[in-house]
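What follows is one structure encoded as structure tokens, with my remarks underneath.
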Amino acid sequence: MNSQSKTQWISQMEALVEEQLQTSTEVFQNLPEDILIYSNAGEWSVCQCLEHLNTYAAHYLPRIQAKLNPLANYEPEAPVRKSWLAAYFIRMMAPSENGKKYKAIKKHQPNRHRDDPYQPVAVFIDTLETVQQILHVATNTNLNSGRVTTSISPLVSLSPGEAIEFLLVHNQRHIVQAQAQIARFQNR
């Protein structure tokens, strides 16, 4: 089981959220509609990438918030621990140059036809702001206490800290994918 100081872990997660918020507000939010919906060779558009991420946030954020009780099992200096299973899931979702593709389960597949492509961008920004609030609360909680069921199976669960990290790494994976679509649009 891996562990890391809570202060260091929260700083890393806050930096990830800040980077994702910056990309969302400075890039995605300001894209013309034709770029937001552009899809090359059947790949997801920017809009679809964000819609996919929003389905994950809708699953995980309420469950994480429900488990972050500042009064339960609070250990101020308790390190954030990561099980081998969580480490595997997080590593699997991390963006990489030779990124292996995974098929999204049906409930996480984005809508192919969207009336308002800016709506997933706005929802994604809202979810990132919610993650910032969660990280603020997390400083006074035990991130190892409680279990958050995964979206793939109620039989598989993660600690709140593991679930937050999984969510943010998964976001990063699809932000990279969305940025690649923007580049393809600009280079066509």
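The values are calculated or read from the model by the stated rules, or taken from the named source; none is laboratory data. Just so it is clear, the structure is predicted and the values come from calculations on it, not from any experiment. Using ideal geometry, Cβ is built from the backbone for each residue, glycine included, and neighbour counts are taken over all protein chains shown.
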Filtering region 140-154 down to residues that are touching a helix residue (DSSP H, G or I) at 6+ places or on another chain (Cβ under 6 Å) and among the β-branched types (Val, Ile, Thr) yields VAL148
Give region 144-174 a look and list any residue that's more than 25 Å from LYS100 (Cα to Cα), touching a Phe, Trp or Tyr at 6+ places or on another chain (Cβ under 9 Å) and either modelled with pLDDT under 90 or in a helix (DSSP H, G or I) (or both), or say none. SER145
Please enumerate the residues belonging to region 18-43 that are touching a Phe, Trp or Tyr at 6+ places or on another chain (Cβ under 9 Å), surrounded by 14 or more Cβ atoms within 10 Å (Cβ to Cβ) and in a helix (DSSP H, G or I). GLN20, SER24, PHE28, GLN29, ILE35, LEU36
Somewhere in region 43-64, is a residue among the basic types (Lys, Arg) and over 22 Å from ALA122 (Cα atoms)? no
